[in-house]
1. Could you look at the range 9-122 and say what percent of its accessible area is carbon and sulfur, using a 1.4 Å probe and all protein chains?
2. State in Å² the accessible area per residue of the chain; use a 1.4 Å probe, count heavy atoms of protein chains only, and round to the nearest integer.
3. I need the semi-axes of the equivalent ellipsoid of the range 51-122: take the C-alpha gyration tensor, multiply each eigenvalue by 5, square-root it, list largest first in whole angstrom.
4. For P(r) over Cα pairs in 10 Å bins from 0, in percent, which listed value, (1) 12, 40, 26, 14, 6, 2, 0; (2) 12, 42, 34, 10, 1; (3) 13, 46, 33, 7, 1, comes from the coordinates shown?
5. So which lysines can Lys55 reach, going by Cα to Cα under 26 Å and dropping same-chain residues fewer than 8 places off?
6. Specify the angular offset, from 0 to 90 degrees and rounded to the nearest 10, of the alpha carbon long axis of helix 111-121 from the longest principal axis of the alpha carbons in the chain.
7. By per-residue mean of other Cβ atoms within 10 Å, what is the highest-first order of 11-18, 35-42, 79-86, 102-109?
8. For the chain, find the longest principal axis of its Cα atoms and tell me its angle to the long axis of helix 42-52, 0 to 90°, nearest 10.
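The values are calculated or read from the model by the stated rules, or taken from the named source; none is laboratory data. Because the structure is predicted, anything quoted here is derived from the model rather than measured. Don't worry about glycine lacking a Cβ; one is built from the backbone with ideal geometry, like all the others, and counts go over all protein chains shown. What goes into the accessible areas is simple: the full protein's heavy atoms, side chains included, and nothing from ligands, DNA or RNA. Shrake-Rupley method; radii C 1.70, N 1.55, O 1.52, S 1.80 Å.
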Amino acid sequence: FSGDSGYGAHFAKISQRYGPFDLAFLENGQYSWVSREVHMHPEDNIKAFNDLNAKVLVPIHWAMFSLSRHPWYEPAQRVSALARSSGVDLYVPKIGEVMSSKTQYQLDDWWVPIMKRQQSKQ
């Protein structure tokens, strides 16, 4: 669980000391060029995930409310495209979803219909 964290060498160090990991809950969102040291961009998520030597990436800290200028769904859109193109196993839980050891970690673009409804109303 990354909490607020910009990307850096600390992820590889954590992996060396405590890894590998089954799940990596990494904050992904509320980013801008000003907050790069405390909020990871989707590209940073993929790098941190790889550094951690984890099995499944779970992006967090992106859809509850907006602190940045990007749309609420953009972090999920970007990280899912990056994960697909780089072969990263990604699971994006629905807002409020409870995860357990029985959760099936399959990528479901659940935010897309909501995003499209919002865009059609603009």
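1. The computed percentage sits at 54.
2. On a per-residue basis, 61 Å².
3. 22, 14, 12
4. (3)
5. By straight Cα distance, Lys55 reaches Lys13, Lys47, Lys94, Lys102.
6. Roughly 30 degrees between the two axes.
7. Taking the mean over residues of other Cβ atoms within 10 Å, the ranking is 35-42, 79-86, 11-18, 102-109.
8. Roughly 20 degrees, rounded to the nearest 10.
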